[in-house]
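Only the coordinates and a few stated rules stand behind these numbers; no lab work does. Computed from a prediction, not measured in an experiment: that's the story for all the values here. Virtual Cβ from ideal backbone geometry, glycine too; neighbours counted across all protein chains shown.
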Amino acid sequence: MSSIKNIKYKDNCLDKTIKQILNIHDSNITFSKDAVSKEKVHDRMATVFTGRLSYPSPRCECCGYDSVIHHGYKDSWIQLLPYQEVSTYLHLYKQRFYCKQCHHTFSAKTYYVAENCYLSQALKFAIAVDLKKKISMKDIAQRYLVSAKTVERVLDSFFEEPRLKPNYLPKHLLIDEFKGTKDCQGAMCFILSDADTGKIFDILEDRRSFKLIAYFMRFTYHARKNVSHVVMDMNAGYDSVTKFVFPNARISIDRFHVIQQLNRAFNKQRIKTMNHLKKSDPQAMKKYRKLKKYWRTILKKNRKINYSSLKQYPLFQRKYLTESEVLDYLLSIDERLRTSYDVYQNLLDAFDTKDYKDFYERIDHLPTMLDPTFKKAILYLNKHKQAIINALKYPYSNGKLEGKNNLIKVIKRVAFGFRTFHHLRMRILIQQNLCDII
């Protein structure tokens, strides 16, 4: 290990080479001929570059007088980017200064490392860049041979949270929720994004109505009045909040959730039909197994059913049948199931063609012999009639936001969960390039 006596004399050739390797552009840092060595640091072999930081005496930081003299050196171990999985350090001797006027002492400074810090700026920047990737903070820590807490500190100090302007809200908003962290006040977190750009606008840790009202009331009345369209799911709380804070906004139910409501209602009818079959009867059990195994066929949209190609079906004595023949058999098991199927398919067709008049005409004239549970689920769509009509009239949907929710699930899964909502929120915003590096 080089001492301060050995490094006072600069080796021009080696100094230039080391600075090129370490990407150092500070002329006040110099290296001698014995600058490179292999040493044990924290019980691990490391490559060590020993250098000196010195420059002429500046004015005093404390009093401003020009009465400062050199006052020895302070050595510091600065961790650099690892090379070939080996730790790399810069053992830097920093010039100390003493003010004869106010007796204040201070050290020389360089851009290469922050004051009172033992990580190089290059190392912290590399960690910050990796925080934009779908990789856990522990994996980043292992990659750069630092602790997970160090990565967290870089996350907190290197990125600036986006500042929302109280006089601006997107004209078309998409809102949804996702499962948050244990320290969240509510069970679910709230996310909103711009329908036109698809960018996340903000993420809140609580979706309860009074919290959302308090959040949106921070924006000016003009900004809230400018919101003309809001897309959401069938959460009743969102509907009341939207009407309260956005006086001019049209509300649309995401089209996926309408299809999901129809799909679940008919699937429950299929399960109910299965459960009514006598399990003691062998013939009834055959029907039960067929309804259970070929659930995809009975839930599939009618226009996607195959009427021509043959396929072998194990539960039909391994016969070669078309998909339409299997469907006809399944619907023949129960008359109520067939009636429910016809209603289900007619509503899907009307919804896919965006014919909202036909859609609600069919809901208003449902067959009398429909199962009460299935009928109740269909009539529930009347509760959101205008919002569903808007969904069919306007092109906005929560598709872009559902993609963001999928990304959030990936980030959480890769990290094996997050302890704090703050770090989860920051990772999402960083990954979406919504946070600037300070």
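Data for the structure
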quantity	calculated
Charge-dipole axis of the chain as Lys and Arg at +1 and Asp and Glu at -1 on Cβ define it, positive-most pick from V258, F216, H104	V258
Cβ-Cβ FRET estimate between D66 and S228, R0 fixed at 45 Å, reported to 0.05	0.10
Sequence-distant lysines (8 or more away, or on other chains) whose Cα lies within less than 22 Å of K199	K132, K133, K134, K165, K171, K179, K225, K400, K404, K409, K412
Between helix 421-431 and the chain: long-axis angle, C-alpha atoms, 0 to 90°, nearest 10	90 degrees
In order through segment 350-366: 3J(HN,Hα) via Karplus (6.51 cos²θ - 1.76 cosθ + 1.60), integer Hz, x for Gly, Pro	5, 5, 5, 7, 6, 8, 5, 5, 5, 4, 7, 5, 6, 5, 6, 10, 6
GNM result for the chain, Cα springs below 10 Å: residue of K278, K165, K211 fluctuating most strongly	K278
Gain in span if fully extended, I437 to Q317, counting 0.36 nm per residue against the direct Cα distance	36.7 nm
Extreme residue, positive dipole direction of segment 288-438, given options L315, S340, A391 (C-beta unit charges)	L315
Relative contact order computed over the chain (Cα-Cα under 8 Å; 6+ residues apart), in percent	14 percent
Candidates V414, V41, V146, ranked by Gaussian network fluctuation over the chain, Cα under 10 Å, top entry	V41
Cα-based reach from K319 at 21 Å (exclusive), listing lysines while leaving out same-chain residues under 8 positions away	K286, K287, K290, K292, K293, K311
Candidate lysines for bridging to K94, where Cα separation is under 30 Å - those fewer than 8 sequence places away on the same chain excluded	K5, K8, K10, K16, K19, K33, K38, K40, K74, K109, K124, K149
Computed label-point distance, nm, for sites D26 and L407 using a 7 Å Cα→Cβ extension	3.7 nm
Charge dipole (debye, nearest 20) of segment 311-396; +1 at Cβ of Lys and Arg, -1 at Cβ of Asp and Glu	300 debye
Nearest-0.05 FRET efficiency for F210 and S280, computed from C-beta distance (R0 60 Å)	0.65
Two-decimal Rg/Rh across segment 256-393, once Rg and the Kirkwood Rh are taken from alpha-carbon atoms	1.01
Alpha-carbon Rg with Dmax, taken over the chain, Å	33.5, 104
Dipole magnitude of the chain, debye to nearest 20 (Cβ charges: Lys/Arg +1, Asp/Glu -1, about Cα centre)	1280 debye
For the chain, calculated [θ]222 nm from helices alone, where every DSSP H run of n ≥ 4 adds -39500 (n - 2.57)	-12500 deg cm²/dmol
Which of Y360, W295, N167, positive extreme of dipole for the chain (C-beta unit charges)	W295
Per-bin percent of Cα-Cα distances, segment 12-118 [5 Å]	2, 12, 20, 21, 18, 12, 7, 5, 2, 0
Label-point separation in nm, D202 to N306, each point 7 Å along Cα→Cβ	5.1 nm
Amide H partners (placed H, <5 Å) of Y73, local residues excluded	R96
Overall form of segment 143-238 per C-alpha gyration tensor (a/c, 1.5; a/b vs b/c)	prolate
DSSP-defined antiparallel bridges as percent of all bridges, the chain, nearest 5	70 percent
